[in-house]
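Report on one structure; see the data block that follows.
The values are calculated or read from the model by the stated rules, or taken from the named source; none is laboratory data. Predicted model, so just to flag it, every value in this text is computed and none were measured. Here the Cβ is made from the backbone with ideal geometry for all residues, glycine too, and neighbour counts use every protein chain on show.
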Amino acid sequence: MTQSSDVAGAAPTTLRRFSRAERWTHRVLGVLMGLLLVTAALLYIPELSTIAGNRPLLRNIHVYSGFALPIPVIVAAFFLAFRLDAGRLNRFTRDDWTWLRSRDRRSGRIPVGKFNAGQKLNASFTLGSIIVMLLTGVIMYGLFGDTWRTGATFVHDWLALIIAVMVGGHMWMAYSDPIARLGMRTGSVPASWARREHGQWAEETALAGVASAGVASAAAASAEDPSADVAPTAAPDQPSVSGS
């Protein structure tokens, strides 16, 4: 077996799951969301508010963190990997509906792409919540009348409670899957985990890697033997001589 075929046929032990931009976006969003939830609890719950004190400082941290929350998403949108994954998260397939209805969704029986249906729903909820909380926060900030502010406060407070529950569920799911946490920390996951949890994505990624390795091997072989890619040059046509 030649070296080029060895490279093309070797199965990868790890797969690249997240880019650096995606990982940093997740971290910054996590920090901002944590600040928002903690300061919201300290401002809203009287017992905690009394213990914390310095209510104006807590309010400023909460407001500025809320206004900053969309910024990481906007910055990440300039990176191709983030846009590609956003497209995957926004695309619900028939297999996703089957995955949601099935009790054996983690068995590998149902084809799962890079993100499962639960992750897609969580991403949609998170983005929608950021938009709604930002809009209601702007209204509550004092730019509108009392009627608008009362309605915005109602939506803001109840949605904050739902977000807290969703974030808790997200953290629990992450805690129960150390490989998923590894992928978010380092950007790579073991291929065995990918085949078990996201089989369709693992297969597509492996095929793309084999194709890239094949192209690289062909390029290396061409560099070693340049004459192989040079087409034979036809002899120039001789001018015809006609007798007078």
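Taking the options Ser107, Ser129, name whichever one is assigned to a loop (DSSP other than H, G, I, E, B) and more than 20 Å from Arg17 (Cα to Cα). Going through Ser107, Ser129 in turn, just one is assigned to a loop (DSSP other than H, G, I, E, B) and more than 20 Å from Arg17 (Cα to Cα): Ser107.
The set of residues in segment 157-212 being assigned to a helix (DSSP H, G or I), surrounded by 15 or more Cβ atoms within 10 Å (Cβ to Cβ) and not hydrophobic (A, V, I, L, M, F, W, C) consists of His170, Gly183, Arg195, Arg196, Glu197, Gly199, Gln200, Thr205, Gly209. Can you confirm whether segment 115-124 contains a residue that is in a helix (DSSP H, G or I) and touching a Lys or Arg at 6+ places or on another chain (Cβ under 7 Å)? No. When residues in segment 54-84 are screened for being part of a loop (DSSP other than H, G, I, E, B) and under 20 Å from Leu134 (Cα atoms), 2 of them pass. The set of residues from segment 144-158 being under 33 Å from the mean Cα position of the chain (by Cα) and of a type in the set (D, E, K, R) comprises just one member, Asp157.
When the residues of segment 82-109 are filtered to those that are under 26 Å from Ser176 (Cβ atoms) and among the aliphatic types (A, V, I, L, M), the one that is modelled with the lowest pLDDT is Leu100.
The residues of segment 123-143 that are of a type in the set (A, V, I, L, M, F, W, C) and under 28 Å from the mean Cα position of the chain (by Cα), listed by number, are Ala123, Phe125, Leu127, Ile130, Ile131, Val132, Met133, Leu134, Leu135, Val138. Regarding segment 91-108, can at least one residue be identified that is free of Cβ contacts under 8 Å to residues at least 40 places away in the same chain, under 14 Å from the mean Cα position of the chain (by Cα) and under 30 Å from Met140 (Cα atoms)? Looking through segment 91-108, none of the residues is free of Cβ contacts under 8 Å to residues at least 40 places away in the same chain, under 14 Å from the mean Cα position of the chain (by Cα) and under 30 Å from Met140 (Cα atoms). Looking only at residues of segment 11-47 that are touching a Ser or Thr at 6+ places or on another chain (Cβ under 7 Å) and among the charged types (D, E, K, R), we find that the one that is surrounded by the fewest Cβ atoms within 10 Å (Cβ to Cβ) is Arg16.
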